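The values are calculated or read from the model by the stated rules, or taken from the named source; none is laboratory data. Just so it is clear, the model here is predicted, and its values are computed rather than measured. Here the Cβ is made from the backbone with ideal geometry for all residues, glycine too, and neighbour counts use every protein chain on show. These accessible areas exclude ligands, DNA and RNA; they are computed on the full protein's heavy atoms, side chains included. Shrake-Rupley method; radii C 1.70, N 1.55, O 1.52, S 1.80 Å.
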Amino acid sequence: MIRKVISLKFFKLPFIILCLASVTSFAKGPSPYLPLQLAPLIELELNRLATLSKLPVLTKPYHAATINRYLEKIVNSHPALYQRISAYLKRYKKEAALTHASVQLNYSDTKDITLPNQRGQTTDANYFASLSGFWQANQYLIINGGGRYYDGGDYLRTNSFISFGLEVLQVDIGYREHWISPFQEGAVLLSTQAKPPLSVTISNPALITDFNIKYEMSIGLLDEHNDIRFDRDEPAVSGEPALLTMHLSVQPIDWWTIGFNRTLMFGGDEKVTLSDIWKAIIDPVNSDNCGGDGTDLQDCSQEFGNQQASITNKFDLNWFDMPFSFYYEYAGEDTNNYTNYKLANLANSFGLFFPYLNDNISLNMEFTTFQSAWYTHHIYGEGYSNDGVKMGHWWGSMKDPKDNVGGETGNVRLDWQNSGESQISMIYRTASFNESSYADYQQSHEIELKYTRVIESGFLGIKLYLGQNNYGENFVQTSVSYSW
(Lines give C-alpha, C1' and ligand atoms only; values in the text may rest on other atoms or scores of the structure.)
Protein backbone atom coordinates (compact mmCIF):
# COMPACT_ATOMS: atom_id res chain seq x y z
CA MET A 1 0.00 0.00 0.00
CA ILE A 2 1.38 3.40 -0.98
CA ARG A 3 1.68 5.88 1.87
CA LYS A 4 1.82 9.63 1.36
CA VAL A 5 4.63 11.41 3.14
CA ILE A 6 2.81 14.57 4.06
CA SER A 7 -0.85 14.88 4.95
CA LEU A 8 -2.63 17.85 3.45
CA LYS A 9 -3.76 18.65 6.98
CA PHE A 10 -0.24 19.92 7.54
CA PHE A 11 -1.00 22.79 5.18
CA LYS A 12 -4.31 23.77 6.84
CA LEU A 13 -2.78 25.84 9.61
CA PRO A 14 -5.27 27.88 11.64
CA PHE A 15 -5.11 31.64 11.63
CA ILE A 16 -7.39 34.47 12.86
CA ILE A 17 -8.02 37.76 11.09
CA LEU A 18 -7.88 40.30 13.93
CA CYS A 19 -8.82 43.44 12.03
CA LEU A 20 -8.94 45.06 8.60
CA ALA A 21 -6.63 47.99 7.90
CA SER A 22 -5.79 50.18 4.93
CA VAL A 23 -2.17 49.66 3.89
CA THR A 24 -0.33 52.48 2.12
CA SER A 25 3.24 51.32 2.72
CA PHE A 26 5.09 48.12 3.59
CA ALA A 27 4.16 47.23 7.17
CA LYS A 28 6.30 45.42 9.70
CA GLY A 29 4.84 42.09 8.71
CA PRO A 30 4.80 39.80 5.66
CA SER A 31 5.57 41.21 2.25
CA PRO A 32 4.11 40.47 -1.19
CA TYR A 33 6.49 39.16 -3.86
CA LEU A 34 7.67 40.75 -7.10
CA PRO A 35 7.35 38.91 -10.45
CA LEU A 36 9.49 35.89 -11.28
CA GLN A 37 9.87 34.95 -14.97
CA LEU A 38 6.64 36.82 -15.69
CA ALA A 39 7.49 40.45 -16.52
CA PRO A 40 10.85 40.75 -18.34
CA LEU A 41 10.92 44.57 -18.33
CA ILE A 42 10.57 45.10 -14.58
CA GLU A 43 12.69 42.02 -13.81
CA LEU A 44 15.56 43.53 -15.81
CA GLU A 45 15.20 46.71 -13.76
CA LEU A 46 15.29 44.67 -10.55
CA ASN A 47 18.44 42.86 -11.70
CA ARG A 48 20.02 46.24 -12.35
CA LEU A 49 19.06 47.42 -8.89
CA ALA A 50 20.48 44.22 -7.35
CA THR A 51 23.90 44.98 -8.86
CA LEU A 52 23.97 48.73 -8.26
CA SER A 53 22.74 48.53 -4.65
CA LYS A 54 24.73 45.35 -3.84
CA LEU A 55 21.51 43.61 -2.86
CA PRO A 56 22.52 40.64 -0.63
CA VAL A 57 19.75 38.28 -1.80
CA LEU A 58 20.50 35.10 -3.78
CA THR A 59 16.98 33.69 -4.16
CA LYS A 60 13.83 34.80 -5.96
CA PRO A 61 11.12 35.99 -6.04
CA TYR A 62 12.17 39.14 -4.21
CA HIS A 63 10.14 40.44 -1.30
CA ALA A 64 8.73 43.82 -2.33
CA ALA A 65 9.67 45.22 1.09
CA THR A 66 13.33 44.24 0.62
CA ILE A 67 13.49 45.92 -2.79
CA ASN A 68 11.83 49.02 -1.37
CA ARG A 69 14.56 49.33 1.29
CA TYR A 70 17.45 48.97 -1.17
CA LEU A 71 15.90 51.26 -3.74
CA GLU A 72 16.98 54.28 -1.68
CA LYS A 73 20.62 53.43 -2.39
CA ILE A 74 20.31 54.52 -6.03
CA VAL A 75 18.10 57.60 -5.67
CA ASN A 76 21.00 59.94 -6.51
CA SER A 77 23.20 57.75 -8.71
CA HIS A 78 20.45 56.40 -11.03
CA PRO A 79 17.35 58.63 -10.69
CA ALA A 80 15.61 57.29 -13.83
CA LEU A 81 15.88 53.68 -12.64
CA TYR A 82 14.75 54.80 -9.18
CA GLN A 83 11.65 56.46 -10.61
CA ARG A 84 10.69 53.46 -12.79
CA ILE A 85 10.95 50.94 -9.93
CA SER A 86 9.25 53.32 -7.49
CA ALA A 87 6.33 53.73 -9.87
CA TYR A 88 6.02 49.95 -10.21
CA LEU A 89 6.15 49.39 -6.43
CA LYS A 90 3.12 51.63 -5.88
CA ARG A 91 0.82 48.76 -6.81
CA TYR A 92 2.28 46.74 -3.90
CA LYS A 93 1.67 49.52 -1.36
CA LYS A 94 -2.09 49.27 -1.61
CA GLU A 95 -4.51 47.30 0.50
CA ALA A 96 -5.39 45.19 -2.55
CA ALA A 97 -4.20 45.23 -6.15
CA LEU A 98 -4.00 43.31 -9.40
CA THR A 99 -0.20 43.28 -9.78
CA HIS A 100 0.15 41.38 -13.06
CA ALA A 101 -2.06 40.49 -16.00
CA SER A 102 -1.06 39.22 -19.44
CA VAL A 103 -2.40 37.39 -22.45
CA GLN A 104 -0.31 35.83 -25.22
CA LEU A 105 -1.12 34.30 -28.62
CA ASN A 106 1.35 31.82 -30.13
CA TYR A 107 1.99 30.00 -33.37
CA SER A 108 4.55 27.20 -33.65
CA ASP A 109 5.56 24.60 -36.23
CA THR A 110 6.44 22.06 -33.53
CA LYS A 111 4.76 20.78 -30.37
CA ASP A 112 7.26 18.94 -28.21
CA ILE A 113 9.70 21.61 -26.98
CA THR A 114 9.55 22.65 -23.33
CA LEU A 115 10.08 26.40 -23.05
CA PRO A 116 12.85 27.57 -20.70
CA ASN A 117 11.68 28.61 -17.23
CA GLN A 118 7.97 28.64 -18.11
CA ARG A 119 6.55 26.13 -15.61
CA GLY A 120 6.39 23.21 -18.03
CA GLN A 121 4.76 25.11 -20.89
CA THR A 122 5.49 23.69 -24.34
CA THR A 123 5.39 25.22 -27.79
CA ASP A 124 2.01 23.62 -28.58
CA ALA A 125 0.08 26.14 -26.41
CA ASN A 126 -1.72 28.42 -28.88
CA TYR A 127 -2.53 30.93 -26.17
CA PHE A 128 -2.29 31.49 -22.43
CA ALA A 129 -3.31 34.09 -19.88
CA SER A 130 -1.86 34.82 -16.45
CA LEU A 131 -2.97 36.88 -13.45
CA SER A 132 -1.47 37.78 -10.08
CA GLY A 133 -2.81 39.92 -7.27
CA PHE A 134 -3.05 40.23 -3.51
CA TRP A 135 -5.17 41.50 -0.64
CA GLN A 136 -3.44 42.61 2.56
CA ALA A 137 -6.14 41.82 5.09
CA ASN A 138 -4.15 43.34 7.95
CA GLN A 139 -0.58 43.97 9.00
CA TYR A 140 0.09 40.27 9.51
CA LEU A 141 -1.89 38.55 6.75
CA ILE A 142 -1.76 38.66 2.92
CA ILE A 143 -3.96 36.64 0.55
CA ASN A 144 -2.21 36.12 -2.80
CA GLY A 145 -4.14 34.91 -5.85
CA GLY A 146 -2.97 34.02 -9.32
CA GLY A 147 -2.57 31.39 -11.97
CA ARG A 148 -1.99 30.54 -15.60
CA TYR A 149 -4.55 29.24 -18.06
CA TYR A 150 -3.57 27.51 -21.31
CA ASP A 151 -5.68 26.48 -24.27
CA GLY A 152 -6.97 22.97 -23.80
CA GLY A 153 -8.10 23.68 -20.24
CA ASP A 154 -4.74 23.42 -18.48
CA TYR A 155 -4.63 25.63 -15.40
CA LEU A 156 -1.68 26.20 -13.05
CA ARG A 157 -2.40 27.48 -9.55
CA THR A 158 0.86 29.37 -9.43
CA ASN A 159 1.21 32.43 -7.15
CA SER A 160 -1.85 31.39 -5.12
CA PHE A 161 -0.91 31.27 -1.45
CA ILE A 162 -1.45 32.77 1.99
CA SER A 163 1.28 34.78 3.71
CA PHE A 164 1.36 35.66 7.40
CA GLY A 165 3.94 36.48 10.04
CA LEU A 166 6.49 39.18 10.79
CA GLU A 167 9.41 40.93 9.09
CA VAL A 168 11.84 38.26 10.26
CA LEU A 169 9.53 35.26 9.87
CA GLN A 170 7.10 35.12 6.96
CA VAL A 171 5.13 31.92 6.34
CA ASP A 172 3.73 31.17 2.85
CA ILE A 173 1.25 28.31 2.36
CA GLY A 174 0.20 27.36 -1.15
CA TYR A 175 1.64 27.46 -4.67
CA ARG A 176 4.52 29.86 -4.04
CA GLU A 177 7.41 29.68 -6.52
CA HIS A 178 11.12 29.30 -5.72
CA TRP A 179 14.30 30.16 -7.61
CA ILE A 180 17.40 29.13 -5.65
CA SER A 181 20.18 30.92 -7.49
CA PRO A 182 21.51 34.42 -8.24
CA PHE A 183 21.59 33.49 -11.96
CA GLN A 184 19.00 35.12 -14.21
CA GLU A 185 18.39 32.56 -16.98
CA GLY A 186 18.95 29.17 -15.35
CA ALA A 187 19.03 27.75 -11.80
CA VAL A 188 20.71 24.39 -11.21
CA LEU A 189 18.89 23.35 -8.00
CA LEU A 190 15.40 24.84 -8.34
CA SER A 191 13.77 27.22 -10.83
CA THR A 192 10.49 27.90 -12.64
CA GLN A 193 11.24 25.23 -15.25
CA ALA A 194 8.49 23.06 -13.71
CA LYS A 195 5.27 24.16 -12.05
CA PRO A 196 5.46 24.85 -8.30
CA PRO A 197 4.30 22.20 -5.81
CA LEU A 198 1.91 22.81 -2.94
CA SER A 199 4.28 23.91 -0.18
CA VAL A 200 4.93 25.69 3.10
CA THR A 201 7.77 28.23 3.06
CA ILE A 202 9.39 30.35 5.77
CA SER A 203 11.68 33.29 4.97
CA ASN A 204 12.63 36.77 6.20
CA PRO A 205 11.64 39.93 4.25
CA ALA A 206 13.88 41.97 6.59
CA LEU A 207 17.53 40.90 6.48
CA ILE A 208 19.05 40.04 9.86
CA THR A 209 22.10 41.61 11.57
CA ASP A 210 24.82 43.73 9.98
CA PHE A 211 25.78 40.70 7.86
CA ASN A 212 22.37 40.75 6.11
CA ILE A 213 21.50 37.14 6.86
CA LYS A 214 18.77 35.72 4.61
CA TYR A 215 17.14 32.34 5.14
CA GLU A 216 14.49 30.38 3.28
CA MET A 217 13.13 26.88 3.88
CA SER A 218 10.22 25.11 2.21
CA ILE A 219 8.62 21.69 2.15
CA GLY A 220 6.24 20.72 -0.61
CA LEU A 221 4.31 17.82 -2.07
CA LEU A 222 5.05 16.97 -5.71
CA ASP A 223 2.60 15.57 -8.24
CA GLU A 224 2.33 11.80 -8.50
CA HIS A 225 5.47 10.06 -9.75
CA ASN A 226 5.49 6.71 -11.50
CA ASP A 227 8.35 4.19 -11.39
CA ILE A 228 9.40 4.73 -7.76
CA ARG A 229 11.65 1.90 -6.65
CA PHE A 230 13.14 1.93 -3.14
CA ASP A 231 13.50 -1.84 -3.05
CA ARG A 232 15.21 -2.86 -6.29
CA ASP A 233 13.90 -6.42 -5.96
CA GLU A 234 10.26 -5.28 -5.82
CA PRO A 235 8.04 -3.90 -8.61
CA ALA A 236 7.96 -0.15 -9.11
CA VAL A 237 5.11 1.84 -7.53
CA SER A 238 3.53 5.28 -7.83
CA GLY A 239 3.44 7.95 -5.16
CA GLU A 240 3.79 11.62 -4.29
CA PRO A 241 7.33 12.48 -3.16
CA ALA A 242 8.10 15.47 -0.96
CA LEU A 243 10.61 18.22 -1.72
CA LEU A 244 12.51 19.99 1.06
CA THR A 245 14.61 23.06 0.20
CA MET A 246 16.97 25.03 2.43
CA HIS A 247 18.85 28.27 1.81
CA LEU A 248 21.04 30.48 4.00
CA SER A 249 23.06 33.46 2.80
CA VAL A 250 25.26 36.11 4.40
CA GLN A 251 27.08 39.22 3.20
CA PRO A 252 30.51 39.25 4.91
CA ILE A 253 31.68 42.20 2.76
CA ASP A 254 29.41 44.79 1.14
CA TRP A 255 30.34 43.54 -2.36
CA TRP A 256 30.26 39.78 -1.67
CA THR A 257 27.25 37.59 -0.78
CA ILE A 258 27.63 33.84 -0.24
CA GLY A 259 24.82 31.30 0.05
CA PHE A 260 24.45 27.63 1.00
CA ASN A 261 21.65 25.53 -0.51
CA ARG A 262 20.16 22.04 -0.22
CA THR A 263 17.29 20.22 -1.87
CA LEU A 264 16.01 16.87 -0.63
CA MET A 265 13.49 14.83 -2.62
CA PHE A 266 12.16 11.93 -0.55
CA GLY A 267 9.28 9.59 0.14
CA GLY A 268 6.49 8.67 -2.21
CA ASP A 269 6.46 5.03 -1.12
CA GLU A 270 8.42 4.73 2.10
CA LYS A 271 7.18 6.12 5.42
CA VAL A 272 9.44 8.98 6.51
CA THR A 273 9.75 10.41 10.03
CA LEU A 274 11.13 13.72 11.25
CA SER A 275 14.09 11.77 12.61
CA ASP A 276 14.80 10.41 9.12
CA ILE A 277 14.71 13.93 7.66
CA TRP A 278 17.06 15.29 10.30
CA LYS A 279 19.49 12.40 9.80
CA ALA A 280 19.47 12.97 6.02
CA ILE A 281 20.31 16.65 6.56
CA ILE A 282 23.25 16.11 8.91
CA ASP A 283 24.52 12.79 7.52
CA PRO A 284 23.75 12.39 3.79
CA VAL A 285 26.37 9.67 3.27
CA ASN A 286 24.74 7.22 5.67
CA SER A 287 21.26 8.18 4.47
CA ASP A 288 21.64 8.09 0.68
CA ASN A 289 24.84 6.23 -0.24
CA CYS A 290 24.05 2.54 0.21
CA GLY A 291 26.65 -0.19 -0.27
CA GLY A 292 30.42 0.15 -0.25
CA ASP A 293 32.95 0.35 2.56
CA GLY A 294 32.50 4.06 3.24
CA THR A 295 28.91 3.98 4.51
CA ASP A 296 26.93 2.37 7.32
CA LEU A 297 23.91 2.07 5.00
CA GLN A 298 24.04 -1.39 3.45
CA ASP A 299 20.32 -1.99 2.84
CA CYS A 300 19.54 0.01 -0.30
CA SER A 301 15.79 -0.21 0.36
CA GLN A 302 16.37 2.09 3.35
CA GLU A 303 17.78 5.00 1.35
CA PHE A 304 16.26 8.38 2.16
CA GLY A 305 15.92 9.77 -1.37
CA ASN A 306 17.67 12.22 -3.68
CA GLN A 307 19.78 15.16 -2.45
CA GLN A 308 21.54 18.10 -4.12
CA ALA A 309 23.62 20.91 -2.64
CA SER A 310 25.39 24.05 -3.80
CA ILE A 311 27.40 27.07 -2.72
CA THR A 312 26.49 30.29 -4.53
CA ASN A 313 28.42 33.55 -4.70
CA LYS A 314 27.56 37.01 -6.00
CA PHE A 315 30.26 39.68 -6.32
CA ASP A 316 28.94 43.19 -6.96
CA LEU A 317 31.86 45.27 -8.25
CA ASN A 318 32.62 48.54 -9.98
CA TRP A 319 35.77 48.86 -12.08
CA PHE A 320 36.56 52.02 -14.03
CA ASP A 321 33.01 53.34 -13.38
CA MET A 322 31.55 50.16 -14.87
CA PRO A 323 29.31 48.37 -12.31
CA PHE A 324 28.83 44.62 -12.80
CA SER A 325 28.01 41.40 -10.96
CA PHE A 326 29.96 38.16 -11.19
CA TYR A 327 28.17 34.96 -10.15
CA TYR A 328 29.65 31.57 -9.32
CA GLU A 329 27.86 28.42 -8.17
CA TYR A 330 29.50 25.16 -7.14
CA ALA A 331 26.90 22.38 -7.00
CA GLY A 332 26.93 18.64 -6.42
CA GLU A 333 24.43 15.87 -7.02
CA ASP A 334 26.27 13.37 -4.79
CA THR A 335 28.96 13.10 -2.12
CA ASN A 336 32.60 12.53 -2.96
CA ASN A 337 34.31 9.41 -1.61
CA TYR A 338 31.68 8.95 1.13
CA THR A 339 32.47 12.34 2.68
CA ASN A 340 29.61 14.53 3.91
CA TYR A 341 31.35 17.84 3.24
CA LYS A 342 32.64 17.03 -0.27
CA LEU A 343 30.46 17.21 -3.38
CA ALA A 344 30.58 14.93 -6.42
CA ASN A 345 28.86 14.79 -9.83
CA LEU A 346 29.53 18.50 -10.04
CA ALA A 347 27.88 21.38 -11.84
CA ASN A 348 29.91 24.57 -12.11
CA SER A 349 28.17 27.78 -13.17
CA PHE A 350 29.62 31.18 -14.04
CA GLY A 351 27.73 34.38 -14.77
CA LEU A 352 28.55 38.00 -15.63
CA PHE A 353 26.00 40.82 -15.68
CA PHE A 354 26.59 44.40 -16.82
CA PRO A 355 23.50 46.47 -15.94
CA TYR A 356 24.70 49.41 -18.06
CA LEU A 357 27.22 49.01 -20.86
CA ASN A 358 25.97 52.49 -21.70
CA ASP A 359 22.81 54.40 -20.77
CA ASN A 360 20.57 52.02 -22.73
CA ILE A 361 22.25 48.60 -23.06
CA SER A 362 22.70 45.74 -20.57
CA LEU A 363 24.46 42.41 -21.06
CA ASN A 364 24.14 39.09 -19.21
CA MET A 365 26.24 35.95 -19.87
CA GLU A 366 25.96 32.56 -18.15
CA PHE A 367 27.76 29.22 -18.58
CA THR A 368 27.28 25.87 -16.79
CA THR A 369 29.01 22.49 -17.03
CA PHE A 370 27.28 19.33 -15.76
CA GLN A 371 28.89 16.03 -14.87
CA SER A 372 26.82 12.82 -14.90
CA ALA A 373 23.65 11.92 -12.96
CA TRP A 374 22.05 15.36 -12.83
CA TYR A 375 18.23 15.23 -12.59
CA THR A 376 18.18 11.40 -12.70
CA HIS A 377 17.96 8.94 -9.82
CA HIS A 378 17.83 5.19 -9.31
CA ILE A 379 14.85 5.48 -6.90
CA TYR A 380 12.78 7.96 -8.92
CA GLY A 381 12.42 6.81 -12.51
CA GLU A 382 11.04 10.20 -13.58
CA GLY A 383 14.05 11.91 -12.03
CA TYR A 384 14.17 15.26 -10.26
CA SER A 385 10.89 16.49 -11.70
CA ASN A 386 7.36 17.69 -11.04
CA ASP A 387 4.57 16.70 -13.42
CA GLY A 388 7.18 15.17 -15.72
CA VAL A 389 9.29 18.35 -16.07
CA LYS A 390 12.72 18.81 -14.50
CA MET A 391 12.74 21.30 -11.61
CA GLY A 392 16.24 22.69 -12.11
CA HIS A 393 18.08 24.13 -15.11
CA TRP A 394 16.29 24.18 -18.50
CA TRP A 395 19.10 21.98 -19.83
CA GLY A 396 17.63 19.04 -17.87
CA SER A 397 14.43 19.01 -19.95
CA MET A 398 16.40 18.33 -23.12
CA LYS A 399 17.60 14.84 -22.25
CA ASP A 400 15.93 11.51 -21.54
CA PRO A 401 14.62 11.31 -17.93
CA LYS A 402 16.86 8.31 -17.21
CA ASP A 403 19.94 9.48 -19.09
CA ASN A 404 22.93 10.14 -16.80
CA VAL A 405 24.78 12.03 -19.52
CA GLY A 406 26.61 15.25 -18.66
CA GLY A 407 27.07 18.33 -20.79
CA GLU A 408 27.29 22.09 -20.82
CA THR A 409 25.10 25.11 -21.51
CA GLY A 410 25.58 28.78 -22.27
CA ASN A 411 23.36 31.78 -22.80
CA VAL A 412 23.83 35.46 -23.65
CA ARG A 413 21.17 38.13 -23.21
CA LEU A 414 21.42 41.66 -24.63
CA ASP A 415 18.81 44.31 -23.80
CA TRP A 416 18.48 47.70 -25.48
CA GLN A 417 16.06 50.35 -24.21
CA ASN A 418 14.94 53.46 -26.08
CA SER A 419 14.06 56.30 -23.68
CA GLY A 420 11.90 54.00 -21.58
CA GLU A 421 9.28 53.69 -24.36
CA SER A 422 10.48 50.49 -26.02
CA GLN A 423 12.91 47.64 -25.52
CA ILE A 424 14.57 45.03 -27.71
CA SER A 425 15.84 41.84 -26.08
CA MET A 426 17.92 39.08 -27.63
CA ILE A 427 18.72 35.80 -25.89
CA TYR A 428 20.96 33.14 -27.40
CA ARG A 429 21.03 29.69 -25.73
CA THR A 430 23.09 26.65 -26.57
CA ALA A 431 23.43 23.22 -24.98
CA SER A 432 25.62 20.21 -25.72
CA PHE A 433 25.82 16.69 -24.31
CA ASN A 434 28.55 14.14 -23.76
CA GLU A 435 28.39 10.81 -25.56
CA SER A 436 25.25 8.92 -24.61
CA SER A 437 23.84 5.44 -25.15
CA TYR A 438 20.25 6.76 -24.95
CA ALA A 439 20.21 9.14 -27.89
CA ASP A 440 22.32 10.77 -30.57
CA TYR A 441 22.26 14.26 -29.08
CA GLN A 442 23.42 17.25 -31.07
CA GLN A 443 24.35 20.73 -29.92
CA SER A 444 21.27 22.90 -29.69
CA HIS A 445 21.03 26.55 -30.73
CA GLU A 446 18.17 28.86 -29.79
CA ILE A 447 17.52 32.56 -30.41
CA GLU A 448 14.74 34.50 -28.73
CA LEU A 449 14.04 38.01 -30.05
CA LYS A 450 11.47 40.21 -28.36
CA TYR A 451 10.30 43.76 -29.01
CA THR A 452 8.29 45.46 -26.27
CA ARG A 453 6.62 48.85 -26.43
CA VAL A 454 4.74 50.85 -23.83
CA ILE A 455 1.09 51.27 -24.84
CA GLU A 456 -0.75 53.54 -22.40
CA SER A 457 -0.53 51.70 -19.06
CA GLY A 458 0.56 48.34 -20.49
CA PHE A 459 3.15 46.66 -22.67
CA LEU A 460 2.73 45.23 -26.16
CA GLY A 461 5.21 42.47 -27.00
CA ILE A 462 6.20 40.66 -30.20
CA LYS A 463 8.46 37.60 -29.92
CA LEU A 464 10.28 35.32 -32.34
CA TYR A 465 11.71 32.09 -30.92
CA LEU A 466 13.60 29.80 -33.29
CA GLY A 467 16.49 27.40 -33.50
CA GLN A 468 17.60 23.78 -33.64
CA ASN A 469 16.94 21.43 -30.74
CA ASN A 470 19.28 18.78 -29.37
CA TYR A 471 17.92 16.20 -31.85
CA GLY A 472 18.82 18.34 -34.85
CA GLU A 473 15.22 19.44 -35.53
CA ASN A 474 14.47 23.01 -36.53
CA PHE A 475 11.62 24.92 -34.87
CA VAL A 476 9.97 28.36 -34.98
CA GLN A 477 7.47 30.00 -32.64
CA THR A 478 6.00 33.49 -32.95
CA SER A 479 4.05 35.29 -30.23
CA VAL A 480 2.10 38.46 -29.61
CA SER A 481 1.35 39.53 -26.04
CA TYR A 482 -0.11 42.34 -23.97
CA SER A 483 0.71 42.69 -20.28
CA TRP A 484 0.28 45.09 -17.42
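Report the trypsin sites (Lys or Arg not before Pro) located in the stretch 66-173 that are in a DSSP loop and have at most 12 other Cβ atoms inside 10 Å of their Cβ, or state none.
Lys111
Taking a cut-off of 16 Å between Cα atoms, list the lysines near Lys402, but don't count ones fewer than 8 places away on the same chain.
Lys390
Averaged across orientations, what area in nm² does the convex hull of the alpha carbons in the chain project?
Quarter of the Cα hull surface area: 23.0 nm².
Multiply the residue gap between Leu274 and Leu464 by 0.36 nm, knock off their C-alpha separation, and tell me the result in nm, one decimal place.
Extra length from Leu274 to Leu464 when fully extended: 63.5 nm.
Over the stretch 344-441, one equal point on each Cα, no solvent: what is log10 I(q)/I(0) by the Debye formula at q = 0.10, 0.17, 0.18, 0.25 Å⁻¹?
Results for the stretch 344-441 at q = 0.10, 0.17, 0.18, 0.25 Å⁻¹ read -0.38, -0.79, -0.84, -1.27.
Based solely on its DSSP helices, what 222 nm [θ] is calculated for the chain when runs of n ≥ 4 H residues each add -39,500 (n - 2.57) and the sum is averaged over all residues, nearest 500 deg cm²/dmol?
Result for the chain: -2500 deg cm²/dmol, rounded to the nearest 500.
Once each part is reduced to its C-alpha centroid, what is the distance from the stretch 374-433 to the stretch 221-286 in angstrom?
21
Sort out for me the Cα centre separation of the stretch 144-220 from the stretch 434-457, rounded to whole Å.
Comparing the Cα centres of the stretch 144-220 and the stretch 434-457, I get a distance of 25 Å.
Evaluate the distance, in nm, between pseudo-label points positioned 7 Å from the Cα of Ala96 and of Val237 along their respective Cα→Cβ axes.
4.5
Run down the aspartates and glutamates and flag those whose C-alpha is under 16 Å from the C-alpha of Lys463, throwing out any fewer than 8 positions away in its chain.
Partners within reach: Asp109, Asp124, Asp415, Glu446, Glu448.
Tell me which residues come under 5 Å, amide H to amide H, from Gly29 once H is placed; ignore anything under 5 positions away on its chain.
Placed amide hydrogens put Glu167 under 5 Å from Gly29.
If amide H atoms are built 1.01 Å from N in the plane of the peptide, which residues on other chains or at least 5 residues away come under 5 Å of the amide H of Ser160?
It is Gly146, Tyr175, by chain and number.
Taking 2.2 N^0.38 Å as the expected size of a compact globular protein, what ratio does the Cα radius of gyration of the stretch 318-399 give against it, to two decimals?
Computed over Cα atoms of the stretch 318-399, the ratio equals 1.47.
On a 1.4 Å probe surface of the protein chains, which of His247, His378 comes out largest in accessible area, and what is the full order?
His378, His247
Pull out the extension gain between Asn340 and Ser372, defined as 0.36 nm times the separation in residues minus the alpha carbon to alpha carbon distance; nm, one decimal.
Between Asn340 and Ser372, full extension yields 9.6 nm more.
Check the straight Cα-Cα distances from Lys94 and name the lysines below 16 Å, setting aside those fewer than 8 residues away within the same chain.
Lys28
What whole-number distance in Å separates the alpha-carbon centres of the stretch 340-372 and the stretch 59-116?
22
Could you run the Karplus curve 6.51 cos²θ - 1.76 cosθ + 1.60 with θ = phi - 60° over the stretch 321-331 and give me ³J(HN,Hα) per residue in whole Hz, x for Gly and Pro?
Calculated HN-Hα couplings, in order: 6, 10, x, 7, 10, 10, 10, 8, 10, 10, 10 Hz.
Taking just the alpha carbons, could you work out the radius of gyration and Dmax for the stretch 143-255, both in angstroms?
17.3, 54
Here is the link list: Lys60/Lys399; Lys54/Lys195; Lys54/Lys314. Which ones come out longer than 18 Å on Cα distance?
Pairs exceeding the cut-off: Lys60/Lys399; Lys54/Lys195.
Return a whole-number percent for the relative contact order of the chain, with Cα pairs under 8 Å and 6 or more residues apart as the contact set.
It comes to 13 percent, rounded to a whole number.
Taking only Cα atoms, what is the 0 to 90° angle, nearest 10, from helix 40-52's long axis to the longest principal axis of the chain?
Computed tilt is about 90 degrees.
Quote the FRET efficiency, to the nearest 0.05, computed for Tyr482 versus Gln442 with a Förster distance R0 of 25 Å and r equal to the Cβ-Cβ distance.
0.10
Can you find, among His445, Ala97, Ile258, the residue farthest towards the positive end of the dipole of the chain? Put +1 on the C-beta of Lys and Arg, -1 on that of Asp and Glu.
After comparing all options, I get Ala97.
Tell me, what ³J(HN,Hα) does each residue in the stretch 72-81 have, in order and in whole Hz, if you take phi through Karplus 6.51 cos²θ - 1.76 cosθ + 1.60 with θ = phi - 60° and put x for Gly and Pro?
5, 5, 10, 4, 9, 6, 9, x, 5, 5
Read phi for every residue in the stretch 354-369 and hand back ³J(HN,Hα) as whole Hz from Karplus 6.51 cos²θ - 1.76 cosθ + 1.60, θ = phi - 60°, with x for Gly and Pro.
Each residue of the stretch 354-369 in turn: 10, x, 9, 5, 8, 5, 10, 10, 10, 9, 10, 10, 9, 8, 9, 10 Hz.
Using amide H atoms built 1.01 Å from N in the peptide plane, name the residues 5+ places from Trp179, or on other chains, whose amide H lies under 5 Å from its own.
Close amide H contacts, sequence-distant or interchain: Lys60.
About its Cα centre, what dipole magnitude does the chain give when the only charges are +1 on Lys and Arg Cβ and -1 on Asp and Glu Cβ, stated in debye to the nearest 20?
Using Cβ point charges on Lys, Arg, Asp and Glu, the chain gives about 1920 debye.
What length, rounded to one decimal in nm, is gained on full extension from Glu435 through to Asp227, with 0.36 nm per residue of separation minus their alpha-carbon distance?
72.3 nm
Let's test the formula: R0 of 30 Å, r as the Cβ-Cβ distance of Asp296 and Phe260. What FRET efficiency results, to the nearest 0.05?
Computed FRET efficiency for Asp296 and Phe260 comes out at 0.75.
How are the C-alpha pair distances of the stretch 271-422 spread across 5 Å bins, as whole percents from the shortest bin up?
So the P(r) values, bin by bin, are 2, 8, 14, 16, 15, 13, 10, 8, 6, 4, 3, 1, 0.
Any idea which of Val454, Phe304, Asn138 is furthest toward the positive side of the dipole for the chain, if Lys and Arg beta-carbons carry +1 and Asp and Glu beta-carbons -1?
In the chain, that residue is Asn138.
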